[in-house]
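Beneath this line is the structure, given in structure tokens, with notes to follow.
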Amino acid sequence: MLEQKKVAIFNDLSGFGRCSISVMLPLLSVMGHQGVAIPTAILSMHTEFPHYHLVDFTDELPAYLESFQKEGLCFDALCTGFLGNERQVQILKQYLKHADKQMKVIMDPVMGDHGHCYPTIEPAIIEKMKELVQEAHVLLPNLTELCLLCDQEYPEQMPDDAFLLDCCRQLEAKGPSQIVVTGMEQDGRMCTWVYEKGSVQKVWNRKIGNGRPGSGDVFAAVVSGSLLRGDSLVDSVQRAADFVGDSMELTLQMKTPHAYGLCFEPLLHRLMD
Ligand code: PXL
């Protein structure tokens, strides 16, 4: 590899529990890229642990981001994840206004799951998020987030293709042309929808266990890392879904507690080529 990609990771940094920047950095590194942390908050552990300690980093973000611009440092890609408050969404939007237009923006619009918003997600953030996702090239919502972004009721059954296509077209009309909808289950298997240039491919996987904290971050990092290596979107999604599934299988064998996230480290070597 003669040229490495620089990937900014705009997300929180949680010490224990395998999520966000803590998992995205090693995954991007093993795929040959240089990860650059932009922490939105620093936590001793993620918020599923009752005694987590959180230091909010929102006030520091404008100067932190400006320092990259002053040094003339550009990124090949920017990955965004959980945003803790409306101001962070605003700061990110402002940064994107002046950022290099070549930078691939890959957003996981973290807001909820299984038809419900996470406790920190207030209606005002959802409205801001609708504006922010217009700046994404690649969008990785789960079904709950897709519905929130498109003002649709969350369907209790797996939605039909027409529903998903309609939502993706609606989003594409305002920005992102590559959309990956995760977290759909049918007949005991997981289905990931890959929308690109108006058409759709489905990626199927075995359902193994129940999602763990950070599995979305592992998925997003592998999709991003593969895309930056030049793989197609559907191949990147297949690789990421397989890696999450295999990590989950290993995690269940290792019998670690749910909150400890995915034990993906012993499998990192599989992403090297
Ligand atoms: O993406 C998982 C995640 C990320 N960041 C924080 C979290 C969690 C899951 O609980 O609490 C702070």
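Tell me which residues, restricted to the range 62-102, are touching a residue at least 40 places away in the same chain (Cβ under 8 Å) and small (Gly, Ala, Ser). Selection gives ALA77, GLY81, GLY84. Among the residues making up the range 55-78, those that are within 16 Å of the ligand (Cβ to nearest atom) and either farther than 22 Å from ALA99 by Cα or polar (S, T, N, Q) (or both) are VAL55, ASP56, THR58. Contact map, the range 103-128: first residue in a helix (DSSP H, G or I), second residue of a type in the set (Gly, Ala, Ser) and surrounded by fewer than 16 Cβ atoms within 10 Å (Cβ to Cβ), Cβ cut-off under 9 Å, separation 6 or more or different chains; the map is empty.
Report, by residue number, each residue of the range 31-49 that is polar (S, T, N, Q), closer than 22 Å to ALA63 by Cα and near the ligand (Cβ under 10 Å from one of its atoms). Scanning the range 31-49 gives a single hit, THR40. In this structure, does TYR52 turn out to be more than 12 Å from the ligand (Cβ to nearest atom), aromatic (Phe, Trp, Tyr), on the phi < 0 side of the Ramachandran plot and without any contact (Cβ under 8 Å) to a residue 60 or more places away in the chain? Taking the combined requirement at face value, the residue does not satisfy it. Out of ASP217, ASP231, ASP273, one residue alone is within 25 Å of HIS137 (Cβ to Cβ) and part of a loop (DSSP other than H, G, I, E, B). It is ASP231.
Report yes if LEU132 is over 29 Å from LYS97 (Cβ atoms) and of a type in the set (A, V, I, L, M), otherwise no.
Details: over 29 Å from LYS97 (Cβ atoms): no; of a type in the set (A, V, I, L, M): yes.
No, not satisfied.
Screening the range 4-30 for residues that are part of a loop (DSSP other than H, G, I, E, B) and over 18 Å from LEU262 (Cα atoms) and picking the one that is farthest from the ligand (Cβ to nearest atom) gives GLN4.
Look at GLY81 and say whether it is within 16 Å of the ligand (Cβ to nearest atom), surrounded by 15 or more Cβ atoms within 10 Å (Cβ to Cβ) and among the small types (Gly, Ala, Ser). Spelling it out, GLY81 is indeed within 16 Å of the ligand (Cβ to nearest atom), surrounded by 15 or more Cβ atoms within 10 Å (Cβ to Cβ) and among the small types (Gly, Ala, Ser).
Read-outs throughout are calculated quantities, based only on the coordinates presented, and are distinct from any laboratory measurement. Quantities reported herein were computed from a predicted structural model and do not represent experimental measurements. Note that each Cβ is placed from the backbone with ideal geometry, even for glycine, and that neighbours are counted across all protein chains shown.
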